[in-house]
1. Of these, Leu294, Leu272, which one is under 20 Å from Ser25 (Cβ atoms), of a type outside the set (S, T, N, Q), surrounded by 13 or more Cβ atoms within 10 Å (Cβ to Cβ) and out of contact with any Gly (no Cβ under 9 Å at 6 or more places or on another chain)?
2. Could you figure out which of (1) closer than 20 Å to Ser72 by Cβ; (2) crowded, with 17+ Cβ neighbours inside 10 Å isn't true of Ala217?
3. Within the set of pairs 6 or more residues apart or between chains, which connect a residue that is within 14 Å of Val252 (Cα to Cα) inside the stretch 293-306 to a residue that is part of a helix (DSSP H, G or I) and among the β-branched types (Val, Ile, Thr) with Cβ atoms less than 8 Å apart?
4. Looking only at the stretch 264-277, filter to residues that are assigned to a loop (DSSP other than H, G, I, E, B) and closer than 20 Å to Asp237 by Cβ; which one of those is nearest to the chain's Cα centre (by Cα)?
5. Please report, ordered by residue number, the helices (runs of 4 or more DSSP H) entirely within the stretch 8-115 with at least 3 residues that are touching a helix residue (DSSP H, G or I) at 6+ places or on another chain (Cβ under 8 Å), farther than 23 Å from Val315 by Cα and more than 16 Å from ligand 2 (Cβ to nearest atom).
6. Could we say that Asn208 is assigned to a loop (DSSP other than H, G, I, E, B) and either in contact with a Pro (Cβ under 9 Å, 6 or more places away or on another chain) or within 14 Å of ligand 2 (Cβ to nearest atom) (or both) here?
Amino acid sequence: MAETILSGIRPTGNLHLGHYCGAISQLVELQNKGSYDNFFVMIADAQALTDNAKNVDKVKNNVIQVAIDLISAGIDPNKVTIFIQSQVPQLHEMTDYFLNLVTLSRLKRNPTVKEELKQRGFENSLPVGFLTYPVSQAADILAFSTTLVPAGDDQNPMLEQCREIVHTFNSTYASIFTMPKIMLPSSKTQARLPGLDGKLKMSKSAGNGINLCDDEATVKQKIMNAYTDPNHIKVSDPGQIEGNVVFTYLDVFCKDEHFAKYLPDYKNLAELKEHYRRGGLGDVKVKIFLNNILQELLTPIRAKRAELENNIDNVYDMLFENGKKMRKIAQAKIEQMHDAMGINYLKYRK
Ligand code: ATP
Ligand code: MG
């Protein structure tokens, strides 16, 4: 069976390398394989408002930024329907019915939400909408009959919640929803790229990332300040690889051919790691190598971005047209839902 694919991104900031390796590179691969019926990418502005209600400008400005980032990083708008969540009000109605099928204690157990609450300092001022966003995310997935959700591993609990809702709805009313699956990147590191601070995952809200739109000098400066091994003080000191984000990024982005090009004293990453562990290899040398690799990745993305910025009306037109298309699909699902729940009493009155 061909899949219906949906992935979501919150417009809370520019996209970073975590999105690139955790979500976008998978999406581009799937898009190019072509074995799908439908392929949607949602810019989750309503979800972004659940923790930014008083900061609408941030969300508003980032909607177009995220659309530009996605296309610059390789999403092809001729193959993938990129749309804005709030353009599909049917999602709110669907969320409302789903909320009755989920308990408060279940919502409070969601480990990703727990981590996010701590990070945002929401312990005593938790917006209700934030706690319930996994339910609205289930509506986003189910409204379009999604079968596959490519995402990073922070989304595992959201998919679990969504699957529980499918089970409860289908067994309470009628089987109208199919079980969606998550699709994680092949490596654990790609599924959860750490931030430059080495503590949390790279995230827009934590501001600990390298953005796809950062200019050359900013990328270099961020890499030079990245967390490595705090006990590796002198070049001659033995260094630790584990938890050292520069090596973590190399694990994800470095290929053997980069050595021939930028660091010919070594054949591959294993050799470089070995030297670092032994001592005698300074952080700056490794950081300059990483910088070369990342600049090579980011240069064409920056160029595409500049092109799109010069034709920004085309991006707005695309988002507008795609909103219409997605409303139609969601409306059909809502009507199916009304029938299943038996709240279609006025259906045949004209
Ligand atoms: P916010 O801090 O506002 O939640 P975010 O940086 O977590 O922003 P999202 O828009 O929530 O980004 O996530 C979009 C997609 O990118 C999801 O599939 C998510 O799993 C993935 N993703 C986000 N951060 C990372 C990361 N550090 N590593 C791998 N994948 C990630
Ligand atoms: Mg997030």
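The values are calculated or read from the model by the stated rules, or taken from the named source; none is laboratory data. All figures in this text were calculated on a predicted structure; none of them were measured in a lab. So basically every Cβ, Gly included, is an ideal-geometry build from the backbone, and we count neighbours across all protein chains shown.
1. Leu294
2. (2)
3. Correct list of pairs: Leu294/Val219; Leu294/Ile223.
4. Across the stretch 264-277, the extreme among qualifying residues is Tyr266.
5. Counting at least 3 such residues, we get 90-99, 104-108.
6. Taking the combined requirement at face value, the residue satisfies it.
Results for (1) out of contact with any Phe, Trp or Tyr (no Cβ under 9 Å at 6 or more places or on another chain); (2) of a type in the set (D, E, K, R); (3) more than 10 Å from ligand 1 (Cβ to nearest atom); (4) at pLDDT 95 or above, shown as yes or no for each residue.
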{"position": "His16", "(1), (2), (3), (4)": "yes, no, no, yes"}
{"position": "Ile24", "(1), (2), (3), (4)": "yes, no, no, no"}
{"position": "Gln31", "(1), (2), (3), (4)": "no, no, yes, yes"}
{"position": "Asn38", "(1), (2), (3), (4)": "no, no, yes, yes"}
{"position": "Gln65", "(1), (2), (3), (4)": "yes, no, yes, yes"}
{"position": "Ala73", "(1), (2), (3), (4)": "no, no, yes, yes"}
{"position": "Ser86", "(1), (2), (3), (4)": "yes, no, yes, yes"}
